[in-house]
Amino acid sequence: MNNQQIPLPLPLAAGPIGVFDSGYGGLTILSKIREALPQYDYIYIGDNARAPYGTRSFEIVYEFTREAVIKLFEMGCHLVILACNTASAKALRSIQMNDLPGLDPQRRVLGVIRPTVECIGSLTHSRHIGVLATSGTILSESYPMEVRKLFPDIEVSGQACPLWVPLVENNEAASEGADYFVKKYIDELLAKDHLIDTVILGCTHYPLLLPKIRQYMPQDITIMSQGELVAQSLKDYLRRHPEMEKRCTRGATCQYCTTEAEDKFSASAATFLNELVSVRHIDFM
Ligand code: DGL
């Protein structure tokens, strides 16, 4: 859908919470959100057919993310979480400023970068941190900019890891071949600043590489994954916004949707979620 096309009238009734990612990575966020807030209904969309987003331009990530948000609104969601750093870095601000006022100013789209950065101040002692993320997130400078706003004394070094998402999306996260690229990007990050004591996994796919990341990261460095931070931040958001909480239905269900083939998604999702889920194919057009 381009900017000129007008979405269908949006359903007014309360609905599920929408969770969006380019692929499987957002499942690491969704599972933590469901642990913290099991009472709500959820719809997950993975745009697996067009993943990875990390090497795509600003315009394309914005367009794809906007399509997914409109789809989730049409499916009844009033609140959408972009469980994707690349989409949060490249599309969130534009959707909030340009699209929400015209679509429905009462609906909300939240990202994962701010809740992650809010926690960093109490974790780093050296005040030197590292961010491992997609090329898109690193080039956007979103992490250093957010950190500067909240903690101007913290030094941020970033490292793009362009091969990590393809390893996860292709189910190769545990394979021997993954070791080379896991070690390579960690070494490149740490060579930029020897004082780094905390590293943010700034891509929701990366927790699926955690066993290997732990293996190659020096033990005295704290590794931060985002799932629990985002889940706690959402819990807090719903507590502070009772008007939005009322628009989230409470049936404890979860629907999984993918733009790719259903059987491919359910086979991979089962390894990430440790359970079999039923999946529906969707198109954004
Ligand atoms: N999982 C996403 C992120 O957090 C996107 C990865 C990609 O599609 O490149 O950045």
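Points worth noting:
- Binned Cα-Cα distance frequencies in region 156-234 - 10 Å width, integer %: 17, 53, 27, 3
- Using θ = phi - 60° and Karplus 6.51 cos²θ - 1.76 cosθ + 1.60, couplings along region 83-93 (whole Hz; Gly, Pro as x): 7, 8, 5, 5, 5, 5, 6, 9, 10, 4, 4
- Degrees, to the nearest 10: 26-36 long Cα axis against longest axis of the chain: 80
- Taking max minus min of the alpha-carbon positions on each principal axis, region 150-285 gives extents of 48, 39, 29 Å, largest first.
- Acute angle (nearest 10 degrees) that the helix 58-74 long axis makes with the longest principal axis of the chain, alpha-carbon atoms: 40
- Once the Cα gyration tensor of region 34-172 is diagonalised, semi-axes √(5λ) in Å: 26, 19, 16
- Note, ³J(HN,Hα) from phi for region 195-205, Karplus 6.51, -1.76, 1.60, rounded to Hz, x at Gly and Pro: 8, 4, 10, 9, 10, 8, 7, x, 8, 6, 6
- Proximity of backbone amide H atoms, modeled 1.01 Å from N, is registered between Ile223 and Val199 at under 5 Å, excluding neighbours fewer than 5 places apart on the same chain.
- For the peptides 129-139, 37-47, residues were scored by their other Cβ atoms within 10 Å and the scores averaged per peptide; the highest-first order is 129-139, 37-47.
- Spherically averaged projected area of the convex hull of Cα atoms, the chain: 14.0 nm².
- Distant-in-sequence amide H partners of Tyr40 (H built 1.01 Å from N, under 5 Å): Ala252
- Förster radius 25 Å - calculated FRET efficiency between Thr271 and Cys119, Cβ distance, rounded to 0.05: 0.35
- DSSP beta bridges fully contained in region 1-129 are about 0 percent antiparallel.
- Electrostatic dipole magnitude of the chain [Cβ: Lys, Arg +1; Asp, Glu -1; Cα centre; debye, to 20]: 620
- Relative protection proxy for 238-245, 56-63, from highest mean packing down: 56-63, 238-245 (other beta-carbon atoms within 10 angstrom).
- Under-5 Å amide H pairs with Ile81, H placed in peptide plane, nonlocal only: Gly18, Val19, Phe20, Leu110
Bear in mind that the values in this text are calculations on the coordinates, not laboratory data. This one's a predicted model, so the numbers in the text were calculated from it and none came from an experiment. Cβ: placed from backbone, ideal geometry, glycine included. Neighbour counts: every protein chain shown.
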